[in-house]
Amino acid sequence: MGRVTVRRAVEQVSPSGRRRKIDALAAEEPLELRVNGKALAVTMRTPGHDVELAHGFLLSEGVIGSSEDISIARFCEGTGPDGLNTYNVLDIALAEGVPPPDIGVERNFYTTSSCGVCGKGALDAVKLKTRYSPALDEVRITPEALTGFPDALRERQKVFESTGGLHAAGLFVDGELLVVREDVGRHNAVDKVLGWAVLQNLVPLRGAVLMVSGRASFELVQKAAMSGIPVLAAVSAPSSLAVELAEEQGMTLVGFLRGDSMNIYTGGERVVETA
């Protein structure tokens, strides 16, 4: 798995005593994202699928709307102690005629693995206007279909299986799991999924369900709305602001999706007995 995991020696303590063992840890490294050579943000992420992460991040921030808005993505300077490229600096060149990011997109600080909106330059930059409103999406889905999504997502969490330390996001369309991405940051996992969709020319994601392994935060609802996703489902709880934003955007927000039960916080008309 390369730099996705790091092996470290640990001392395991149990009622049967102590023993030394090798443990697999989820890798966490900074990624500096530049646009047209100018530093835009630094996020703590699990290395891998970085180009997807950049595309998804720029989509969710309203900078781009499709893959045609980016002319090239390339890793640039940045070497480790071994003198090799760390692949932790990624420069995105926007296509001709695409406006550069607004100043509100710039981060005054790095974004942590737990927060994707931390460090925004201004409070009014937190809420963004989507070009792909999910409000009119008439997709319907059955409760039975939804309750199968967490297990389907879990089966594809390969790095979580070895480390137990990653969030995951998956994209379902017509009941089919199209893509799964894992990361130490839940917002990064979602950005990688959205970036994959951008590169596959699937945006706007009409009729899609975004499934996340943790809680549903405001930032995840916003990312889903920015890509036109009508349904966001989470195995844990949503925040109050996430529910407010989902209602405002005309999205269906499902939380505590576990076993054969769930809580539908907004957009319950999309969850029907017969799709």
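In nm, what is the difference between 0.36 nm times the number of residues separating residue 129 and residue 178 and their Cα-Cα distance?
Working: separation 49, 0.36 × 49 = 17.64 nm, distance 2.63 nm.
Contour length minus the Cα-Cα distance gives 15.0 nm.
Separation of the range 217-275 and the range 1-79 by C-alpha centroid, Å?
26 Å
Residue 29 versus residue 11, label points 7 Å from Cα toward the beta carbon: distance in nm?
3.0 nm
In square angstrom, what is the accessible area per residue of the range 143-270 with a 1.4 angstrom probe?
That works out to 35 Å² per residue.
What Kirkwood hydrodynamic radius do you get for the range 143-270 when you take the inverse of the mean 1/r over all pairs of distinct Cα atoms, in Å?
For the range 143-270, the Kirkwood estimate is 14.1 Å.
Any lysines with Cα under 20 Å of the residue 129 Cα? List them, leaving off those in the same chain fewer than 8 positions away.
Straight-distance partners of residue 129: 120, 223.
Considering only protein heavy atoms and a 1.4 Å probe, what is the carbon-and-sulfur percentage of the accessible area of the range 143-270?
Within the range 143-270, the accessible surface is 46 percent carbon and sulfur.
Give me the net charge of residue 13's neighbourhood, meaning all other residues with Cβ under 12 Å from the Cβ of residue 13; Lys, Arg count +1, Asp, Glu -1.
Net charge in that neighbourhood comes out at +3.
The values are calculated or read from the model by the stated rules, or taken from the named source; none is laboratory data. Nothing here was measured: the structure is a model prediction, and the numbers come from that model. Virtual Cβ from ideal backbone geometry, glycine too; neighbours counted across all protein chains shown. Note: accessible area is taken over every heavy atom of the protein model, side chains too, but ligands, DNA and RNA are not part of it. Shrake-Rupley method; radii C 1.70, N 1.55, O 1.52, S 1.80 Å.
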